[in-house]
Amino acid sequence: MRNPTFRHERELIAQGYCPVGIDEAGCGPLAGPVIAAACIVPLHARIALLRDSKLLSAAQRERALALLAQRGAVWGIGAASVVEIDTVNIRQATHLAMRRAVAVLLEASSSAATHALVDAWHIPNLPIPQRAIIGGDRIVKSIAAASIIAKVHRDRLMVEYDAMYPEYGFSRHKGYGTKAHLEAIAKYGITSLHRATFCHYALDKKDGKC
C-alpha cells in the first residue's frame with residue numbers, strides 16, 4: 001500500500017487555494033462524541049507517519065501529532081455531542097462536527113482562500129469549497145493528518161471518561177461495542193456518555209432486548 005502524498009494539495013495550491021484536510025473519528029462507537037479535525041499541513045513537513053490513523057498504533061499517532069505541531073501544521077477541532085448524535089443522527093452530527101472544526105481552523109489561520117479535501121463525505125453548508133475523496137485518509141496527506149488529530153483527541157477524551165466511569169473500560173475500547181463494553185452496559189445500564197440509539201440497537205442485536 002502506498003503512503004499518502006501531497007498531490008491533491010499541490011493541485012489546489014496551483015489554483016491559488018490553501019488546502020485543508022478534514023476527517024472524523026468516532027462515527028461507530030456506542031459512547032462518546034464524534035470528533036472532526038480540519039488541518040493545514042505545510043508541504044515541507046516531512047512526516048513519514050502521516051497515514052490513515054487506523055493503520056497506526058496509539059504511540060505512533062501521538063508521535064505524528066507532536067511532529068505536526070513541531071513542523072507548522074495548523075488545525076481546528078470540532079465535536080458533536082452524544083445528545084446531538086441521538087437527536088439528529090450520526091451522519092448529520094458528523095457534518096456538524098466537521099463544520100465546527102473548519103470554523104475553528106479559519107479563526108486560527110491567516111489563509112483566506114481555503115479549499116477542503118474531505119475523506120469520503122460531502123459536507124452540507126460548508127463555508128469553503130470542498131472535494132470529497134473516497135479513501136482520502138489513505139491517499140491524501142492532509143486528510144491523513146486530520147484523521148490522526150481527530151483520533152488522538154477523541155482517544156484522550158475517552159481516557160478521561162474512563163476515570164469517571166471505570167466500570168465501563170472506556171480507556172480500553174474507546175466506546176466501541178466490544179463484548180466487554182456490551183456486558184458492562186447490560187450490567188450497569190447506560191450513562192450520559194452513551195448514545196442511547198446506538199446502545200439499544202446493539203443490545204437488541206446481541207440478545208433481543210434493550
Förster radius 22 Å - calculated FRET efficiency between Ala103 and Leu43, Cβ distance, rounded to 0.05:
0.35
Using a Cα-Cα cut-off of under 18 Å, which aspartates and glutamates could be cross-linked to Lys151, ignoring same-chain neighbours fewer than 8 residues away?
Asp23, Glu24, Asp52, Glu62, Asp119, Asp137, Glu160, Asp162
Carbon-plus-sulfur fraction of the accessible area of the chain, 1.4 Å probe, in percent?
55 percent
From the P(r) of the stretch 51-178, could you give the percentage of C-alpha pairs in the tail past 23 Å?
36 percent
If contacts are Cα pairs under 8 angstrom and at least 6 residues apart, what is the relative contact order of the stretch 58-182 in percent?
19 percent
Once the Cβ-Cβ distance between Glu11 and Glu183 is put in as r, and R0 is 45 Å, what FRET efficiency do you end up with, to the nearest 0.05?
0.35
Of the peptides 145-152, 4-11, 79-86, how do they stack up when ordered by the mean number of other Cβ atoms within 10 Å, highest first?
145-152, 79-86, 4-11
How many nm separate the modelled label positions at Cys27 and Val88, each set 7 Å beyond the Cα in the direction of the Cβ?
1.6 nm
Over every pair of different alpha-carbon atoms in the stretch 23-118, take the mean of 1/r and invert it; report that Kirkwood radius in Å.
14.3 Å
For the chain, build the charge dipole from Cβ charges (+1 Lys, Arg; -1 Asp, Glu) around the Cα centre, then report which of Ile128, Ser111, Val41 sits farthest towards its positive end.
Val41
Quick one: if you stick a label point 7 Å off each Cα along the C-beta vector at Tyr201 and Arg63, how many nm between them?
3.7 nm
Calculated FRET efficiency for the pair Ser171/Gln70, C-beta based, R₀ 25 Å, to 0.05
0.40
Place a point 7 Å from Cα of Met164 in the direction of its Cβ. Which residues in the stretch 26-42 have their backbone N less than 20 Å from it?
26-36
Per the helix-only model, the chain has a calculated mean residue ellipticity at 222 nm (DSSP H runs of ≥4, -39500 (n - 2.57) each, divided over all residues, rounded to the nearest 500) of -14500 deg cm²/dmol
Using a 1.4 angstrom probe, figure out how much accessible area the chain has per residue, in square angstrom, rounded to the nearest whole.
47 Å²
In nanometres, the difference between 0.36 nm per residue of separation and the alpha-carbon distance of Arg2 and Lys54 is 17.2 nm
Helix axis angle, 141-164 relative to the chain longest principal axis, alpha carbon, degrees
30 degrees
Checking Ser53, Ser110, Ser142 against a Gaussian network model of the chain (alpha-carbon springs below 10 Å), the top fluctuating residue turns out to be Ser110
Using packing as a proxy for protection, rank 59-70, 14-25, 156-167, 115-126 so that the peptide with the highest average count of other Cβ atoms within 10 Å comes first.
14-25, 115-126, 59-70, 156-167
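The values are calculated or read from the model by the stated rules, or taken from the named source; none is laboratory data. A quick note: this is a predicted structure, and the numbers were derived from the prediction, not measured. Cβ: placed from backbone, ideal geometry, glycine included. Neighbour counts: every protein chain shown. Accessible surface is based on the protein model in full, side chains and every heavy atom, while ligands, DNA and RNA are left aside. Shrake-Rupley method; radii C 1.70, N 1.55, O 1.52, S 1.80 Å.
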